[in-house]
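Working notes, structure below.
The values are calculated or read from the model by the stated rules, or taken from the named source; none is laboratory data. Quick caveat, the model's predicted, so the values are computed rather than measured. Note that each Cβ is placed from the backbone with ideal geometry, even for glycine, and that neighbours are counted across all protein chains shown. Remember, those area values only see protein heavy atoms, side chains included, never the ligands or the DNA or RNA. Shrake-Rupley method; radii C 1.70, N 1.55, O 1.52, S 1.80 Å.
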Amino acid sequence: MTAPTAEVEDASANWAKARAGVGDRIFAGAALAAGLTILAALAGVFIFLAIKGAPGFTKSAEVYGPHAESFLGYVVPLLVGTFTASVIALVIAVPLAFGIALVISHYAPRWIATPVAYVIDLLAAVPSVVYGLWGAFYLANKLKPMHLWLHDTFGDWPVLGSLFGEPNATGRSILTAGIVLAIMILPIITAISREVFSRTPRLHEEAALALGATRWEMIRMTVFPYARSGMVSAVMLGLGRALGETMAVTMVLSFGFDLSWNIIGSSSPTSIAANIALKYKERSADTLNVLVATGLVLFLMTFLVNFLARWIVGRNERRMAR
């Protein structure tokens, strides 16, 4: 009885091992195919933008309009508008997102944290058109007194005066667009930060508390170091969303090409994505080349932002592993 039983067990183990090997190979192949598909799609987008947008770099001054004589003069104000709105969004959203994530994961009781987490997640389901309409027709009017206060308070200061110059009478400024973008990227940063905060090893937190640390000291010494790479990833994903947002910025911002740092004025430039959306309908063949060229610039800028985020996350992970 013993010998046949051993043979049956060996045969069963070999069969299970063979099945597992086939399954592992199939899964590895499927994962590799999925990764290569994403790379092929990115390469295809880049090739298309490069081919269609290459003529847009060398058009005549008439194609770029009265505000620019070259492609560089055309795209630089758009880059400034894109970065300005995105930076304003990050300055507002990142502290709020980290604070909300900490409240949900470490401070609030579960009966409060769960509904708050659901409400924050639901903000991501609101279409960008709705945010744009709300920002253009409601928020802009409510921000007019704040624009006037910023101008009256800081308008004569040496550096801040360039940021808070003559305010826009409609309230539809790049500051308003940045606030709308901040609300839009808040759920992304909050959700990722909440997840990485909650993954902090419980033993590390209990050890810090046992040594006499307060709750905030425990978070600063155990949660933040452990979650640093995830926090950077969350911020970079939010920045990528802000850089590529189209409809909300299109509806909120007044269209402009003047290279101005005034974030509450009417002369602030729009973003690259909003400019493409505004001009695509009335495009000509030459204008289309210029728009695709600006899309290529936005694509490369977003790619560099995500590459930088991956590098920072990898460096932090290697530092934590030492």
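Some points to look at:
- Residue within the stretch 184-192 that is under 15 Å from the mean Cα position of the chain (by Cα) and over 13 Å from Ala101 (Cβ atoms) present: yes
- Within the stretch 193-216, considering residues that are within 29 Å of the chain's Cα centre (by Cα) and part of a helix (DSSP H, G or I), the one nearest to Gly240 (Cα to Cα): Ser193
- The stretch 32-75, residues that are at pLDDT 80 or above and outside any helix (DSSP H, G or I): none
- The stretch 266-316 - residue that is small (Gly, Ala, Ser) and assigned to a helix (DSSP H, G or I) and, of those, surrounded by the most Cβ atoms within 10 Å (Cβ to Cβ): Ala274
- Residue check, Gly29 at positive phi and modelled with pLDDT of 70 or more: no
- Residue list for the stretch 60-70, restricted to those being of a type outside the set (Gly, Ala, Ser) and open to solvent by less than 20 Å² (accessible area, probe 1.4 Å): Tyr64
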